[in-house]
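K.L.:
First the structure, which I've put down as structure tokens, then a few questions once you've had a look.
FYI, it's all coordinate maths here, none of it is from the lab. For clarity, every value in this text was computed on a predicted model and none was experimentally measured. Glycine gets a Cβ as well: all are built from the backbone with ideal geometry, and neighbour counts include every protein chain shown.
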Amino acid sequence: MANIILLGPPGAGKGTQAKRLESERRMVQLSTGDMLREAKSSGSEMGHKVAAVMARGELVTDEIVIGLIRERLTEGAEGGFIFDGFPRTLAQADALADLMDEVGQRLDAVIEMQVDDAALVVRITGRFTCGNCGAVYHDETKPTLTPGVCDVCGSGQMQRRADDNADALRTRLMEYYKKTSPLIGYYYAKGCLTSVDGLAEMDVVAASIASALDSAN
């Protein structure tokens with residue numbers, strides 16, 4: 001069992017690796033966006049708070065996000081938790097550390113998925129998915145066998161995310177470097193940071209993450 005944070009810029013592959021960890025190690029991915037959506041429709045007291053904030057068009061406070069994480073941590077998970085998308089700032093990192101102490105758990109490892117920005121732009125701008133089954137493809141590295149037809153389900157519903165373009169990605173990268181990249185130094189100083197090559201083959205990245213987790217336990 002281990003609790004980890006996946007760090008890295010947009011498109012580094014954090015979501016892909018989190019899904020593998022869920023499958024292979026029975027860990028639970030704590031995605032801030034997913035938790036907020038679930039809370040909004042849950043009808044719970046915290047859910048009502050989230051719904052009210054969203055209805056006003058305001059950003060959900062760190063206090064509310066920490067509250068949602070506290071609820072989930074107390075439910076437990078056989079293989080531990082994966083924090084994806086949180087913390088994003090140093091203040092959130094401090095709040096998470098306090099919460100882990102409060103509930104009697106620890107953060108075992110922080111995995112930084114390093115990427116080259118230019119290569120990341122190529123990766124993201126060439127990416128498209130099947131709108132029917134969600135299979136992911138790439139113009140250069142993983143095209144469909146038949147142009148415009150999904151290899152998995154045969155659908156012709158190919159689609160690209162609106163923000164999977166060079167300008168939008170550079171904006172997202174700037175936001176990451178301004179707010180989130182300081183966490184790399186923060187967790188390095190705490191002695192729990194491991195860096196892996198986020199642009200390596202998926203199996204190679206997974207093996208590097210597995211090694212880091214095994215060393216932490």
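K.L.:
Once Rh for the chain is found with the Kirkwood sum over Cα pairs, what is the Stokes-Einstein diffusion coefficient at 37 °C and 0.692 mPa s, in µm²/s?
P.N.:
Numbers: Rh = 18.7 Å.
Estimated via Stokes-Einstein, D reaches 175 µm²/s.
K.L.:
With charges set only on the Cβ (+1 for Lys and Arg, -1 for Asp and Glu), what does the dipole of the chain come to about its Cα centre, in debye to the nearest 20?
P.N.:
Numbers: 23 positive and 31 negative charges, 85 e Å.
My answer is approximately 400 debye.
K.L.:
Follow-up question, since we're still on this one. List the aspartates and glutamates whose alpha-carbon lies under 17 Å from that of Lys142, not counting same-chain residues fewer than 8 positions away?
P.N.:
Within reach: Asp151, Asp164, Glu201, Asp203.
K.L.:
May I pose another question? Can you tell which of Thr125, Thr61, Thr180 shows the greatest fluctuation in a Gaussian network model of the chain with Cα springs below 10 Å?
P.N.:
Thr61
K.L.:
Let me ask something else about it. Using the Cα centre as the reference, give the magnitude of the dipole from point charges on the C-beta atoms of the stretch 151-217 (Lys, Arg: +1; Asp, Glu: -1; all else neutral), rounded to the nearest 20 debye.
P.N.:
Values: 7 positive and 9 negative charges, 92 e Å.
Charge dipole, the stretch 151-217, about its Cα centre: 440 debye, nearest 20.
K.L.:
Normalising by the residue count of the chain, find the relative contact order in percent from Cα pairs under 8 Å and 6+ residues apart. The partial results should precede the final answer.
P.N.:
Working: 296 pairs, mean separation 61.3, N = 217.
The normalised contact order for the chain reaches 28 percent.
K.L.:
So which lysines pass the test for Lys49, namely a Cα distance under 17 Å, with those fewer than 8 places away in the same chain ruled out?
P.N.:
Lys40
K.L.:
Given the DSSP H assignment, sum -39500 (n - 2.57) over each helix run of at least 4 residues in the chain and divide by its residue total; what's the result at 222 nm in deg cm²/dmol, nearest 500? Walk me through the numbers before you get to the answer.
P.N.:
Details: 9 runs with 105 residues, N = 217.
Computed mean residue ellipticity for the chain: -15000 deg cm²/dmol.
K.L.:
Compute the separation of the alpha-carbon centres of the stretch 136-161 and the stretch 30-104 and state it in Å as a whole number.
P.N.:
A separation of 35 Å, based on Cα centres.
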